[in-house]
1. Does any residue in region B:1-20 that is farther than 16 Å from C:D11 by Cβ come within less than 7 Å, Cβ to Cβ, of a residue that is modelled with pLDDT under 85 six or more places away or on a different chain, and which pairs are these?
2. Of the conditions (1) at positive phi; (2) modelled with pLDDT under 95, B:Q15 satisfies every one except a single condition; which number is it?
3. Go through region B:1-42 and report how many residues are loosely packed, with under 13 Cβ neighbours inside 10 Å and in contact with a Phe, Trp or Tyr (Cβ under 9 Å, 6 or more places away or on another chain).
4. Give me the residue from region A:26-72 that is among the aliphatic types (A, V, I, L, M) and within 15 Å of the chain's Cα centre (by Cα) and, out of that set, modelled with the lowest pLDDT.
5. Across region B:11-32, what is the number of residues that are within 16 Å of A:L31 (Cβ to Cβ) and either of a type in the set (S, T, N, Q) or more than 10 Å from chain A (Cβ to nearest Cβ) (or both)?
6. If you take the residues in region B:57-84 that are in contact (Cβ under 8 Å) with a residue 40 or more places away in the chain and crowded, with 24+ Cβ neighbours inside 10 Å, which one is farthest from B:V43 (Cα to Cα)?
7. Please find, within region C:58-91, the residue that is nearest to the other protein chains (Cβ to nearest Cβ) out of those that are under 18 Å from A:A83 (Cα atoms) and among the small types (G, A, S).
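The values are calculated or read from the model by the stated rules, or taken from the named source; none is laboratory data. Predicted model only: the values in this text are computed from it and were never measured. Please note: Cβ atoms are built from the backbone with ideal geometry, for glycine as well, and neighbour counts cover all protein chains shown. For accessibility, only protein heavy atoms count, side chains too; no ligands or nucleic acids. Shrake-Rupley method; radii C 1.70, N 1.55, O 1.52, S 1.80 Å.
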Amino acid sequence: QSCCGIDNLIDQKIQAAVQSAVSAVTSKAQLICLNVSSRGADVSCPSGYKATSCACGMACGSWDIRGESGCHCQCSGIDWTSARCCKVGLNG
Amino acid sequence: QSCCGIDNLIDQKIQAAVQSAVSAVTSKAQLICLNVSSRGADVSCPSGYKATSCACGMACGSWDIRGESGCHCQCSGIDWTSARCCKVGLNG
Amino acid sequence: QSCCGIDNLIDQKIQAAVQSAVSAVTSKAQLICLNVSSRGADVSCPSGYKATSCACGMACGSWDIRGESGCHCQCSGIDWTSARCCKVGLNG
């Protein structure tokens, strides 16, 4: 194989390695979610997670997300609050 | 080009290919979401999706996510339940 | 180093560069979220974001997501509507 062919050889090697890494990453990248709940009107997601929504006791649909991960239920006399917490991560 | 220059040449080729793959992946990686709803108090996201939140009929804000993708509305006499379902994917 | 060893050298270089790019991307990939709210029964996420959930005034838990990013609260006399808006992005 003449020396100038090495250029193509290198390019092919690089593309093959990059493509396989890209498909490995994209097939493993996913949304990792968990639920946290607590008595009262407030609960927070664990570090690294963001709240994507909140649920409340007493049928209450009025809530807000404080900071990136805190759920607060606004109705009076709330008995429990839960947060749906998600992050992007690699599976396996 | 002397043989020892080949080292730099290879490095440059590799970096260029890797950078272009990284920007391709990052520009295409996105949150892909859909809604599913059903009569009654329960509904599940399709395979591969995770529930990020639930909504309920009867103005009910008390719900929970079961497993990774199941929405359950807790109030009595629930007429419909919906789930917001998301995953990480590549666009196009 | 004999010429045939160059093959391994190239492979090692490629793998090292690809691995470092993969770990850089995966450590920076994250869920980027924000809240938007508005008076009345409708609000939409900014471009590039998807709604992962909605919250409503009047303790209302009945809402739906329209298009990819619009929140609509269904109860009557809704005073405010908020959307939790998220996307996949690179941090830093």
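1. Between residues of region B:1-20 that are farther than 16 Å from C:D11 by Cβ and residues that are modelled with pLDDT under 85, there is no close pair.
2. Just one mismatch for B:Q15, condition (1).
3. Residues in region B:1-42 being loosely packed, with under 13 Cβ neighbours inside 10 Å and in contact with a Phe, Trp or Tyr (Cβ under 9 Å, 6 or more places away or on another chain): 2 in total.
4. Residues of region A:26-72 that are among the aliphatic types (A, V, I, L, M), as a first pass: A:29, A:31-32, A:34, A:36, A:41, A:43, A:51, A:55, A:58-59, A:65.
From the residues that got through so far, the ones that are within 15 Å of the chain's Cα centre (by Cα) too are A:29, A:31-32, A:34, A:36, A:51.
Numbers: A:A29: 86, A:L31: 95, A:I32: 96, A:L34: 97, A:V36: 98, A:A51: 98.
Once the filter is applied, the top-ranked residue is A:A29.
5. Here the count works out to 1.
6. It comes out as B:R84.
7. If we take residues in region C:58-91 being under 18 Å from A:A83 (Cα atoms) and among the small types (G, A, S), then C:G61 is nearest to the other protein chains (Cβ to nearest Cβ).
One line per residue, one yes/no per condition, for (1) assigned to a loop (DSSP other than H, G, I, E, B); (2) under 14 Å from B:V88 (Cα atoms):
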position	(1), (2)
A:V25	no, yes
A:C33	no, yes
A:V36	no, no
A:V43	no, no
A:C54	no, no
A:M58	yes, no
